[in-house]
Structure formats: C-alpha cells, structure tokens
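Asker: Let me begin by handing over the structure; questions about it come next.
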Amino acid sequence: MKLTLKIWRQKNADTKGKLVDYQIDGIEGDMSFLEMLDVLNEQLINKGEEPVAFDHDCREGICGTCSLYINGEAHGPDRLVTTCQLHMRMFNDGDTIHIEPFRATAFPVIKDLVVDRSSFDRIQHAGGFISVNTSGNTIDANAIPINKHDADTAFESATCIGCGACVASCKNSSAMLFVGAKVSQFALLPQGKIEATERVLNMVKQMDEEGFGNCTNTGACEVECPKGISLENIARLNREYLAAGLKG
Amino acid sequence: MSGILNSSIGRKFAMALSAFFLMIFLLQHFAINILSVFSADTFNEASHFMGTFWVVQYVFQPILILGVLFHFVMGMILEIRNRNARKIAYVKNNGSANSTWMSRNMIWTGGAILLFLGLHFYDFWLPEINTKFIEGDMSGTLANGEYRYFEELQHKFVDVWRVALYCLAFVFLALHLLHGFSSAFQSVGANNKYTRGLKGFGKAYAIIIPLGFIFIALYHHFNH
C-alpha cells in the first residue's frame with residue numbers, strides 16, 4: 001500500500017506547527033496505524049531527519065496513551081478502537097491521510113502529535129477517588145452486596161481509559177463524557193456514596209478551570225469513544241451535580 | 001447556588017429551562033394561530049383575550065421577552081466559551097461522521113430565528129404595543145366595529161416575500177428544535193428508559209409545529 005501522509009509537525013509548545021507531506025510505501029493491511037508510523041520514523045531516522053513524535057504505550061487498547069486525529073476523527077475512521085488498534089486495512093492504496101494532534105486549549109501540544117493531557121489527571125485528583133482503609137484490615141469489595149445492574153453499569157463507566165478522544169471529537173472540546181464516566185463509576189456503588197457530593201462539585205470545578213468547553217449534546221464523544229462510554233454518563237453527571245449543588 | 005449557575009453544567013441547565021419555557025410558549029402560540037384557519041371569529045376572540053387580559057400582558061409577556069433574551073444571551077456566552085476551548089482548529093475535521101448538522105450548528109439556526117423575531121416584532125408586536133399603549137385603543141376593533149386581529153393577520157401575509165421569509169425562518173426553527181428538544185432533556189439529566197420515546201416525540205414536535213406555522217402563512221397568502 002502506497003500512501004501520502006500529511007502530518008502535523010511542531011517543534012515545541014512555543015512554536016507554530018504545520019502539516020508536512022510524507023510519501024510511504026510497502027504498508028500492509030495487517031499493520032496497526034502506529035506500526036505504519038514506526039515504519040515512517042525508521043525511514044526518517046535513516047535519512048537523518050527528526051522522527052515524528054507521537055504518544056504510545058501498551059499498544060493493545062487499554063492504557064489510553066495513544067491519541068491522533070486521523071482524517072478528521074479521533075482514533076481514525078474505525079469504531080470502538082484506539083489508534084494502536086486501528087488497522088491499515090481501513091485505508092486504500094493511494095489514500096492521503098491527515099494526521100493531527102488532539103486539539104483543545106486544555107490539551108496543549110508538546111511536540112508534533114504529542115499533547116499534554118495532565119488536565120485529566122488534575123480532574124481526577126480533585127475527586128476521582130474513594131477513601132479506603134489500607135491498614136491491613138481492608139474489607140473485600142465483593143463482601144458488599146451490590147445490585148447486578150448497578151455493578152454492570154458502574155463497570156461500563158469504569159472502562160473509560162481517559163484517552164481524551166471525547167474532548168478531541170467534541171466541537172466544544174468538552175470533557176463531560178470523561179468526567180461523567182469517572183463520577184458515574186463511583187456514584188452507582190456504595191463505596192462512592194460517602195464523598196459523592198464533594199466529588200462531583202470538585203471535579204466539575206476543576207474541569208471548568210482547565211478550560212474545557214460546555215457540552216451541547218452533539219453525541220460525537222459517544223460515537224468516537226474507543227470504549228463505548230455512553231451519553232447516559234453525562235446525564236448522570238448533570239443529575240449528580242445539580243443534586244449536590246442543592247445539598248451543599 | 002450561585003456557584004452552580006456559574007458552572008458549565010449550571011449554565012446548560014439554565015439554558016435548558018429557558019428552552020422548555022419557549023417550547024411551551026411556541027405550542028400555545030401555534031394553538032391560537034391555527035384557529036385563524038378554521039374560524040376568524042374564534043381567532044379574533046382568542047387574540048383579544050390574549051391581548052387585553054392583564055395576566056398575559058403584564059406577567060407572561062415580560063417573562064416571555066426575558067426568556068427569549070436570556071436564551072439568546074446565554075447561548076452567546078456558551079458559544080464564546082466553547083470557541084475559547086479550542087483556539088486552533090483542525091485542518092481536517094469530519095464532523096458529519098459522528099454528529100448531526102443540526103447539533104453542530106445551533107448557534108447559526110438560533111441566530112436565524114433571532115433575526116426572524118426582529119421581523120416578527122416589527123410586523124405584529126410593535127404595532128400592537130403602539131395601538132394599545134401609545135394610542136390607548138384597547139377595544140381591539142376597526143372603525144366598522146369588527147375585531148381587527150384576523151384582518152391584520154391576513155394583510156401581513158399578502159406580500160410574497162414576507163411569506164417566503166416566514167417559511168424560511170420556520171425551516172430554521174425546525175432544524176433548531178430537531179436537536180434542541182432532546183438536548184434540553186439531556187442537559188437536565190433526563191436520560192433513561194423513556195429517552196427513545198422522548199426523542200421520537202421531540203422529532204415530531206420539531207417538524208409538525210414549524211410545518212403548521214408554514215401552513216398558516218401559506219393559507220392566508222392564498223386566501224386573503
């Protein structure tokens with residue numbers, strides 16, 4: 001497969017970037033998108049050029065490190081996959097592929113396709129936790145009976161890997177799906193009830209301070225989420241927040 | 001509580017509440033206007049009641065104007081904040097792959113409706129205020145003693161360009177409602193087993209009500 005790549009190159013956070021064209025040949029359909037970029041980088045290094053910087057770690061869709069806005073979509077044209085799980089068979093010989101970093105004021109570009117997603121970490125620090133005694137007499141979570149539906153729904157929310165595709169896809173760069181999932185995974189379980197009020201108020205406050213936009217319910221986040229986190233999480237976040245606001 | 005209203009979720013909640021209010025008003029407005037197709041007398045009586053009953057004039061009317069202004073101003077505030085949340089746009093963005101045109105263009109369809117409201121106020125609201133509160137004529141009648149409302153309505157829809165503008169505005173209203181109806185429920189946290197049915201009802205509302213207004217405008221244009 002022969003491809004033309006239009007890749008965003010940016011030296012650092014303080015410089016302006018631009019799309020640079022690269023020609024690449026010999027790409028197999030079974031390769032992952034990141035493997036294709038590995039091939040490109042090998043070529044660039046052999047020519048003495050600067051390789052393209054991009055985020056990656058587990059390469060099996062569970063760590064949430066890889067990103068990339070490919071042909072106008074977060075994680076590319078396939079559904080329920082991260083960029084590392086995206087196969088090159090999704091593209092055709094002769095295609096031109098646009099590759100850009102996730103764009104949001106709260107996700108500043110560090111270099112090329114690498115963005116700083118530590119704003120998500122700060123939202124988590126603001127309330128995405130429960131207090132558990134770890135002094136040796138910890139009670140096993142399974143010892144507490146939990147309604148099956150609630151347990152399953154909480155688990156679905158907990159599958160959010162925090163990759164930021166929701167922010168990247170949203171026309172407003174809203175982080176509501178991420179925060180909704182992180183609030184929901186605790187809101188539905190007894191362990192999460194104790195700090196529920198402060199959690200949702202603090203996480204939304206931090207989300208707003210980071211400069212994410214407002215959710216206008218376009219649903220783009222749900223479609224592009226590699227883990228299929230649903231809009232119900234945003235509705236639950238709205239309910240939890242409004243109830244917490246009335247309480248406190 | 002003020003902290004909540006200054007948050008992103010609080011603003012969207014307030015936006016949704018004003019949207020509910022405006023959607024109920026739209027239904028009421030349509031219910032009275034459609035009377036003009038079936039009976040000029042009934043339409044005249046309903047219009048005279050709405051135009052002279054003090055609760056409608058001095059309580060509901062100011063609330064309605066404030067509701068429209070709030071919806072517009074809050075929409076602009078949200079839009080500005082949203083644009084600041086992504087200062088550098090994508091070179092290539094495939095928005096249609098994951099969302100509807102209506103959901104991505106609420107600010108433009110809303111702006112078109114606001115422009116139409118300017119024309120609508122010029123056509124009906126300002127003359128009404130002038131007649132009742134400046135000239136002091138609360139009778140609601142013409143020189144011949146008959147009610148003036150039906151006559152004024154038909155007179156406005158003689159001009160083909162005005163009818164065309166009204167029809168175009170109602171198309172924008174339909175596009176705005178096609179996303180806005182279900183979006184308002186999501187913003188207040190309502191996403192449950194009834195959501196699918198509610199979305200269906202919302203689509204019917206978003207199409208039937210504007211189509212009804214278009215029908216009324218065309219009916220009077222061709223039957224004046």
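Every number in this text was worked out from the coordinates using simple rules, so none of it is lab data. Quick caveat, the model's predicted, so the values are computed rather than measured. Positions of Cβ are generated from backbone atoms using ideal geometry, with glycine treated the same way; all protein chains shown enter the neighbour counts.
Asker: If only one of A:VAL20, A:VAL52 is touching a residue at least 24 places away in the same chain (Cβ under 8 Å) and either over 26 Å from A:ILE161 (Cα atoms) or surrounded by 14 or more Cβ atoms within 10 Å (Cβ to Cβ) (or both), which one is it? Let's see the steps before the verdict.
Answerer: Values: A:VAL20 fails: touching a residue at least 24 places away in the same chain (Cβ under 8 Å).
Selected residue: A:VAL52, the only one of A:VAL20, A:VAL52 that is touching a residue at least 24 places away in the same chain (Cβ under 8 Å) and either over 26 Å from A:ILE161 (Cα atoms) or surrounded by 14 or more Cβ atoms within 10 Å (Cβ to Cβ) (or both).
Asker: Could you look through the range B:179-194, keep only residues that are more than 7 Å from chain A (Cβ to nearest Cβ) and more than 15 Å from A:LEU242 (Cβ to Cβ), and pick out the one that is surrounded by the most Cβ atoms within 10 Å (Cβ to Cβ)?
Answerer: Within the range B:179-194, the subset more than 7 Å from chain A (Cβ to nearest Cβ) is B:179-182, B:184-185, B:192-194.
Restricting the remaining residues to those that are more than 15 Å from A:LEU242 (Cβ to Cβ) gives B:179-182, B:192-194.
On the way: B:HIS179: 24, B:GLY180: 26, B:PHE181: 20, B:SER182: 23, B:ASN192: 11, B:LYS193: 6, B:TYR194: 11.
Here the answer is B:GLY180.
Asker: Within the range A:46-58, which residues are more than 14 Å from the chain's Cα centre (by Cα) and either under 19 Å from A:LEU19 (Cα atoms) or of a type in the set (D, E, K, R) (or both)?
Answerer: A:LYS47, A:GLU49, A:GLU50, A:PRO51, A:VAL52, A:ALA53, A:PHE54
Asker: Another question about this same structure. Can you go through B:VAL91, B:VAL37, B:VAL55, B:VAL73 and tell me which one is more than 14 Å from the chain's Cα centre (by Cα), of a type in the set (Val, Ile, Thr) and under 20 Å from B:VAL188 (Cα atoms)?
Answerer: Values: B:VAL91 fails: under 20 Å from B:VAL188 (Cα atoms); B:VAL37 fails: under 20 Å from B:VAL188 (Cα atoms); B:VAL55 fails: under 20 Å from B:VAL188 (Cα atoms).
None of the other options fit; the residue is B:VAL73.
Asker: Follow-up question, since we're still on this one. Can you tell me which of A:SER157, A:SER230 is among the polar types (S, T, N, Q), at the interface with chain B (Cβ under 9 Å from one of its Cβ atoms) and within 25 Å of A:CYS58 (Cβ to Cβ)?
Answerer: Numbers: A:SER157 fails: at the interface with chain B (Cβ under 9 Å from one of its Cβ atoms).
A:SER230 is the lone residue from the list that is among the polar types (S, T, N, Q), at the interface with chain B (Cβ under 9 Å from one of its Cβ atoms) and within 25 Å of A:CYS58 (Cβ to Cβ).
Asker: Considering only the range B:180-224, how many residues are within 14 Å of the chain's Cα centre (by Cα) and in contact (Cβ under 8 Å) with a residue 60 or more places away in the chain? Break it down into steps so the answer makes sense when it comes.
Answerer: Within the range B:180-224, the first condition is being within 14 Å of the chain's Cα centre (by Cα), and the residues that meet it are B:180-181, B:205-214.
Those still in the list that are in contact (Cβ under 8 Å) with a residue 60 or more places away in the chain too: B:180-181, B:205, B:209, B:212-213.
Qualifying residue count, the range B:180-224: 6.
Asker: Given the structure, is A:THR218 buried (at least 19 other Cβ atoms within 10 Å of the Cβ), among the hydroxyl-bearing types (Ser, Thr, Tyr) and out of contact with any Asp or Glu (no Cβ under 7 Å at 6 or more places or on another chain)? I'd like the intermediate steps shown before the answer.
Answerer: Working: buried (at least 19 other Cβ atoms within 10 Å of the Cβ): yes; among the hydroxyl-bearing types (Ser, Thr, Tyr): yes; out of contact with any Asp or Glu (no Cβ under 7 Å at 6 or more places or on another chain): yes.
For A:THR218, the condition - buried (at least 19 other Cβ atoms within 10 Å of the Cβ), among the hydroxyl-bearing types (Ser, Thr, Tyr) and out of contact with any Asp or Glu (no Cβ under 7 Å at 6 or more places or on another chain) - is met.
Asker: Next question. Please work out if A:ASP38 is outside any loop (DSSP other than H, G, I, E, B) and more than 30 Å from A:GLU210 (Cβ to Cβ).
Answerer: Details: outside any loop (DSSP other than H, G, I, E, B): yes; more than 30 Å from A:GLU210 (Cβ to Cβ): yes.
The answer is yes for A:ASP38.
Asker: Shifting gears a bit: So for the range B:207-220 (the condition being surrounded by fewer than 16 Cβ atoms within 10 Å (Cβ to Cβ), in a loop (DSSP other than H, G, I, E, B) and not aliphatic (A, V, I, L, M)), does at least one residue qualify?
Answerer: no
Asker: I need every pair where a residue in the range A:140-169 that is farther than 30 Å from A:ALA104 by Cβ has its Cβ under 6 Å from the Cβ of a residue that is outside any loop (DSSP other than H, G, I, E, B), sequence separation at least 6 or different chains.
Answerer: Final answer for the pair search is A:ILE144/A:PRO190.
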